[in-house]
Amino acid sequence: MVGLQFGALLGGAVLTESVFGWPGMGLLLIDSIFSRDYAMVQGIVLVFSALFILTNLIVDLLYVVIDPRIRYS
């Protein structure tokens, strides 16, 4: 569940940063969308998706450590 909730955490960060005006990648994404800076939007989406994929990969690999009944062969 941790791996899947990480996506919601990234989406929540975008919402929180835009509402409260905290500097971060979420606010940069919103500002880039409104200023039509497509290269920046693509870069931030690429970073967010890479983080999400990496987190899910790490969680999948940790299944073996947490539950020894599961084996990758």
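For percent of Cα pairs over 18 Å apart, the value computed from the atomic coordinates appears in the list [x] 31; [y] 60; [z] 51 under label [z].
Measuring nothing but how far apart in sequence close Cα pairs (under 8 Å, 6+ apart) lie, relative to its length, region 2-66 scores a relative contact order of 34 percent. Computed from backbone phi, the HN-Hα couplings of region 43-53 come to x, 5, 5, 5, 5, 4, 5, 5, 5, 5, 5 Hz, rounded to whole numbers (Karplus: 6.51 cos²θ - 1.76 cosθ + 1.60, θ = phi - 60°; Gly and Pro given as x).
Each residue of region 7-12 was assigned a 3J(HN,Hα) from its phi angle through the Karplus curve 6.51 cos²θ - 1.76 cosθ + 1.60 (θ = phi - 60°); the sequence is x, 5, 5, 5, x, x Hz, with glycine and proline shown as x. Loop-located chymotrypsin sites (Phe, Trp or Tyr not before Pro) in the chain (DSSP state not H, G, I, E or B) with no more than 10 neighbouring Cβ atoms inside 10 Å: Tyr72.
Do the sum for the chain: with -39,500 (n - 2.57) for every DSSP H run of n ≥ 4, divided by all residues, what is the mean residue ellipticity at 222 nm, to the nearest 500 deg cm²/dmol? Before the final figure, lay out each step's value.
Values: 3 runs with 58 residues, N = 73.
For the chain, the value works out to -27000 deg cm²/dmol.
Where a number appears in this text, it was derived from the coordinates with a stated rule and is not lab data. These numbers come from a predicted model, not from an experiment. Note: ideal-geometry Cβ built from the backbone for every residue, glycine included; neighbour counts use all protein chains shown.
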